[in-house]
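The structure under discussion appears below in the form of structure tokens.
No value in this document is a laboratory result; all are computed from the given coordinates. Source: prediction; values computed, not measured. Quick reminder, even Gly has a Cβ in these numbers, built from the backbone with ideal geometry, and neighbours come from all protein chains shown.
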Amino acid sequence: MDGWQREFVLHTLPYSETSLLLDFFTENEGRIRLLAKGARSRRSNLKGCLQPFTPLLIRWGGKGEMKTLRGAEPLSLALPFTGTVLYSGLYVNEWLSRVLAQNIPYQTLFFEYLTCLQVLAGSEYTPEHALRRFELSLLSHLGYGVDCLHCAGSGELVADSMTYRYREEKGFIASMVIDHLSFTGKQLKAFADRQFPDVDTLRAAKRFTRIALNPYLGGSPLKSRELFYQVILPKTR
């Protein structure tokens, strides 16, 4: 890769005594893993900028399977994430790092990710709306875009007052059963628009994205979610 490309750091791991192994989310190449030689040394000019939530321009190269970071320049200061917003950002980064295959372009998702970070950074309220929109977008880009506007059984448009039960790999089917897999037609239309006008709809969206995304975890829970419950949640009680 000879040219410069916009990206964000998703995850870092120590590699040898002075280097780093980094997952990047790039504008044109999707998720890539690069070796940053000497990035942990005291003299490295990369040490300060290879941080999550810092918009960067990077270039890389190499002939082997493991490519090497050749340069990195910050486009701006890191987004000001603290407290709940910080853990929300880490949550988004962890999802991308865990579910996106390497070297597959996700250009639209890249800008949706950027929008999510900007909303989180500027939000004076709960980050829930931004997170739900991102999760629904991620499901769509993973090839799991469930049709929220039509009953999977009849093909008819969903009706606001009717109840639809989610069935994996099928979609939403009209049902008289009310349980954790059930949603109203009104809620499904809100999911399709990625708008959450009230608390009940927002909670329903969270319930659905948890159901739909959890199979991607393979039984290994998100570390960012565990940290939130351990560090942030006790402080709010």
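What is the angle, in °, between the Cα long axis of helix 107-122 and the longest principal axis of the Cα atoms in the chain? Nearest 10 is fine, range 0 to 90.
Rounded to the nearest ten degrees, it is 90.
What is the helix-to-structure angle for 128-141, meaning the angle in degrees between its Cα long axis and the longest Cα principal axis of the chain, kept from 0 to 90 and rounded to the nearest 10?
The helix 128-141 is inclined about 90 degrees to the chain.
Quick check on region 12-110: take the gyration tensor over C-alpha atoms, sort the square-rooted eigenvalues as a ≥ b ≥ c, and tell me if it's rounded (a/c under 1.5), prolate or oblate. It would help to have the intermediate numbers written out before the result.
Details: a/c = 1.61, a/b = 1.13, b/c = 1.42.
Note, shape of region 12-110 comes out oblate.
Straight-line reach only, C-alpha to C-alpha below 17 angstrom: list the aspartates and glutamates that K186 could link to, leaving out same-chain residues fewer than 8 apart.
D147, E156, D160, D198, D200
Under a cut-off of 26 Å between alpha-carbon atoms, report the lysines in cross-link reach of K47, not counting same-chain residues fewer than 8 places apart.
Correct list for K47: K37, K63, K67, K223.
So, counting K/R as plus one and D/E as minus one, what does the shell of residues with Cβ under 9 Å around D160 add up to?
Values: positive: K186, K189; negative: none.
Result for the local shell: +2.
Relative to the longest principal axis of the chain, what angle (0 to 90°, nearest 10) does the C-alpha long axis of helix 199-213 take?
Helix 199-213 sits roughly 60 degrees off the main axis of the chain.
Which loop-located trypsin sites (Lys or Arg not before Pro) does region 99-174 contain, where loop means any DSSP state but H, G, I, E or B and the Cβ has at most 15 other Cβ atoms within 10 Å? Before the final figure, lay out the partial values.
Numbers: sites: R132, R133, R165, R167, K170; in loops: K170.
Taking region 99-174 and a limit of 15 other Cβ atoms within 10 Å, the loop trypsin sites (Lys or Arg not before Pro) found are K170.
At 222 nm, what value in deg cm²/dmol follows for the chain if DSSP H runs of at least 4 each add -39500 (n - 2.57) and the sum is divided by all its residues, to the nearest 500? Mind showing how you got there, number by number?
Numbers: 7 runs with 80 residues, N = 237.
Helices in the chain give a 222 nm mean residue ellipticity of -10500 deg cm²/dmol.
Pick out, in residue order, every one of the trypsin sites (Lys or Arg not before Pro) in region 1-69 that is DSSP loop and has at most 15 other C-beta atoms within 10 Å; say none if there are none. Don't jump to the answer; show the numbers that get you there.
Values: sites: R6, R31, R33, K37, R40, R42, R43, K47, R59, K63, K67; in loops: K37, R40, R42, R43, K47, K63.
Hits after loop and neighbour filter: R42, R43, K47, K63.
Taking the simple approach of a point 7 Å from Cα along Cα-to-Cβ for both E73 and Q107, what is their distance in nm?
Between E73 and Q107, the label points sit 2.3 nm apart.
With an 8 Å cut-off on Cα pairs and a minimum separation of 6 or more residues, tell me the relative contact order of the chain in percent. All intermediate terms of the calculation are to be shown ahead of the outcome.
Working: 382 pairs, mean separation 35.4, N = 237.
RCO, the chain: 15 percent.
Could you please report the charge total around E128, scoring K, R as +1 and D, E as -1 over all other residues with beta-carbon less than 11 angstrom from its beta-carbon? Each step should come with its number before you reach the end.
On the way: positive: R132, R133, R203, K206; negative: E135.
Every neighbour counted, the sum reads +3.
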